[in-house]
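Notes for the one structure printed next.
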Amino acid sequence: RSAQLFFLSLSIGESDQIVPMADALAAAGTAMFDDVLMAQKLPSDVVQRFNECLISGAPTPEEDQKVIADAMFAWARELGAVDFAHWFFPLRGGGGAVGGMLGAFKRDTLIDLDFKSAYVTKPMKACLPHERLFQGETDGSSFPNGGLRVTHSAAAFTTWDRSSPPFVMDKCLYIPCAFVTHFGKCIDEKTPLLRSMDAVKLYGLRLLKALGIGTDAQTMHSYLGWEQEFFVISADHFKARPDLVNCGRTLFGTLPTRHQQGDLNYFQPIPGKVQELLDTVQAEMLKIGCPMAVKHNEVAPGQHEMSPVFR
């Protein structure tokens, strides 16, 4: 099975009210700036050059960056965005503890000083500066192992992965990014995947050419990914277990009957409270363009699965 198993302790209290969207499909894709929306919001020549740069790996021309940033800003404001954030997945060196697989970001307000003004005290203006959309700089000294790099090389850089559409959630425009050090070394989970896709593209196109199939192809895309399996427990039970709180996994306890070799829970009806949770997660994922299409009970008690269609 091509599945990734991770431990996700979702705190669900007995009195929590989880209210899923009325119709998740009706709002699917409404909060992401994808190719369809780009074609609607941008001039056709800008879209064409953007796609050509995406295939070749060349940087987006600065004039096009400005047009894209302005259009994305106007769209994000329509959805109520006040901040924007470069969203990346740094190497945290964790062993499964809560937070070890979480993305990282810092929220910047969609605002800047108007340096074209003649006033000494520059007025503020709401905007998304194009240079801050495509690239950012932040502190990388604490990744992956906490402050071991010297100060003069502690900087790290985020760059928009143009193959991943930005999305708006909780009044913030999130921009999916790669994360590299001052010397260009990757310290995130995303960059190795992008580099592996470059390798698949290079040798895949060579293979097609050698086979005489699709000889006019310019690039290759992967639609393969992991299933997401996790455990859901109540907040009260979670707080009562120091191993779960501190390590994100069980370290002690009684072995289950037949060492979890039974199948009583597999594909059984999902418990009501968990169903509400998964429906809510599915609705939010669909909204930002991640088609979370499968959800079901797994084998172990409290174990569940959600699987997206990878795009």
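The values are calculated or read from the model by the stated rules, or taken from the named source; none is laboratory data. Just so it is clear, the structure is predicted and the values come from calculations on it, not from any experiment. Here the Cβ positions follow ideal geometry from the backbone for every residue, glycine too, while neighbour counts run over all protein chains shown. The accessibility values were calculated without ligands, DNA or RNA, using every heavy atom of the protein model including side chains. Shrake-Rupley method; radii C 1.70, N 1.55, O 1.52, S 1.80 Å.
Within the set of pairs 6+ apart or on separate chains, which have a first residue in the range 55-79 that is under 16 Å from Thr159 (Cβ atoms), a second that is assigned to a loop (DSSP other than H, G, I, E, B) and not aromatic (Phe, Trp, Tyr), and C-beta atoms under 6 Å apart?
Ala69/Leu128
Quick one: which of Ala27, Ala39 is at pLDDT 95 or above, small (Gly, Ala, Ser) and either open to solvent by less than 90 Å² (accessible area, probe 1.4 Å) or at negative phi (or both)?
Ala39
With the condition being among the β-branched types (Val, Ile, Thr), I'd like the helices (runs of 4 or more DSSP H) fully within the range 217-308 carrying at least 2 qualifying residues.
Ranges flagged: 272-287.
Just one of (1) at pLDDT below 95; (2) in contact with a helix residue (DSSP H, G or I) (Cβ under 6 Å, 6 or more places away or on another chain); (3) open to solvent by less than 70 Å² (accessible area, probe 1.4 Å) trips up His182, so point out which.
With respect to (1) at pLDDT below 95; (2) in contact with a helix residue (DSSP H, G or I) (Cβ under 6 Å, 6 or more places away or on another chain); (3) open to solvent by less than 70 Å² (accessible area, probe 1.4 Å), His182 is out only on (3).
Could you tell me which of the residues Gln228, Gln303 is under 25 Å from Leu91 (Cα atoms) and under 29 Å from the mean Cα position of the chain (by Cα)?
Result of the check over Gln228, Gln303: Gln228.
Can you tell me which residue is least open to solvent (accessible area, probe 1.4 Å) among those in the range 42-54 that are free of Cβ contacts under 8 Å to residues at least 40 places away in the same chain and assigned to a helix (DSSP H, G or I)?
Only one residue fits best here, namely Val46.
Can you pull out the residues in the range 249-269 that are at pLDDT below 75 and among the hydroxyl-bearing types (Ser, Thr, Tyr)?
Thr257
Where residues in the range 284-299 are in contact (Cβ under 8 Å) with a residue 40 or more places away in the chain and open to solvent by less than 50 Å² (accessible area, probe 1.4 Å), which of them is nearest to Asp170 (Cα to Cα)?
Residue satisfying both the conditions and the ranking: Ile288.
List pairs: first in the range 81-92 and under 12 Å from Glu189 (Cβ atoms) and at pLDDT below 95, second open to solvent by 20 Å² or more (accessible area, probe 1.4 Å) and outside any loop (DSSP other than H, G, I, E, B), Cβ under 6 Å, 6+ apart or cross-chain?
Phe89/Lys190
Can you confirm whether the range 186-198 contains a residue that is in contact (Cβ under 8 Å) with a residue 60 or more places away in the chain, buried (at least 16 other Cβ atoms within 10 Å of the Cβ), part of a strand (DSSP E or B) and within 16 Å of the chain's Cα centre (by Cα)?
Checked the range 186-198: at least one residue is in contact (Cβ under 8 Å) with a residue 60 or more places away in the chain, buried (at least 16 other Cβ atoms within 10 Å of the Cβ), part of a strand (DSSP E or B) and within 16 Å of the chain's Cα centre (by Cα).
Among the residues in the range 100-117, are any closer than 30 Å to Val245 by Cβ, surrounded by 17 or more Cβ atoms within 10 Å (Cβ to Cβ) and either at pLDDT below 95 or of a type outside the set (Val, Ile, Thr) (or both)?
Scanning the range 100-117, I find at least one residue that is closer than 30 Å to Val245 by Cβ, surrounded by 17 or more Cβ atoms within 10 Å (Cβ to Cβ) and either at pLDDT below 95 or of a type outside the set (Val, Ile, Thr) (or both), so the answer is yes.
Go through the residues of the range 252-262 one by one and say whether even a single one is out of contact with any helix residue (DSSP H, G or I) (no Cβ under 7 Å at 6 or more places or on another chain), open to solvent by 40 Å² or more (accessible area, probe 1.4 Å), more than 30 Å from Met32 (Cα to Cα) and of a type in the set (A, V, I, L, M, F, W, C).
yes
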